[in-house]
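The values are calculated or read from the model by the stated rules, or taken from the named source; none is laboratory data. The structure presented is a predicted model; accordingly, all values stated were derived computationally and were not measured. For neighbour counting, all protein chains shown are included, and Cβ atoms are generated from backbone atoms with ideal geometry for every residue, glycine included.
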Amino acid sequence: MSDHEHGNGCDCGEHGEHDEIITLIDENGEEKDFTVIDILEMDGSEYAILLPVDEESDEAIILKFAEDEEGNEILVDIEDDEEWEKVADAWEEMMAQEES
């Protein structure tokens, strides 16, 4: 996944309503729709938990909120495996607590 710019009617930068549909452009330039199912804040950073709309997979994708050169909020891949694991574990723990 690459970047997602907020604006043009996209509310996901507002971090308010979840279950919004956003469109991301992958490394091949193809557009894919995702449902924002949660937003986590950890260690001063925010992360979006996304599920693909069109695919049968129920595997969530985790992207990090960042800013581009112009100061626009975007979603980017988490490059650090340890950071990704930490966020994934925190989200799984949250889901387990909600189910109990």
Of everything in the stretch 47-64, what is surrounded by fewer than 16 Cβ atoms within 10 Å (Cβ to Cβ) and of a type outside the set (Ser, Thr, Tyr)? Give them in sequence order. 53, 54, 55, 56, 58, 59
Residue by residue through the stretch 65-79, note down the ones that are of a type outside the set (Val, Ile, Thr) and crowded, with 17+ Cβ neighbours inside 10 Å. 65, 73, 75
Positions within the stretch 80-100 being more than 17 Å from residue 42 (Cα to Cα) and surrounded by 10 or more Cβ atoms within 10 Å (Cβ to Cβ), in sequence order: none
How many residues does the stretch 82-100 contain that are over 16 Å from the mean Cα position of the chain (by Cα) and either at pLDDT 95 or above or of a type in the set (Phe, Trp, Tyr) (or both)? 1
For residue 48, all conditions in the list (1) closer than 19 Å to residue 95 by Cα; (2) of a type in the set (Gly, Ala, Ser); (3) modelled with pLDDT under 95 hold save one; what is the number of the exception? (3)
Is there any pair linking a residue in the stretch 68-96 that is among the charged types (D, E, K, R) to one that is assigned to a loop (DSSP other than H, G, I, E, B) and surrounded by 11 or more Cβ atoms within 10 Å (Cβ to Cβ), with Cβ under 6 Å and at least six apart or on different chains, and which? 73/6; 77/1
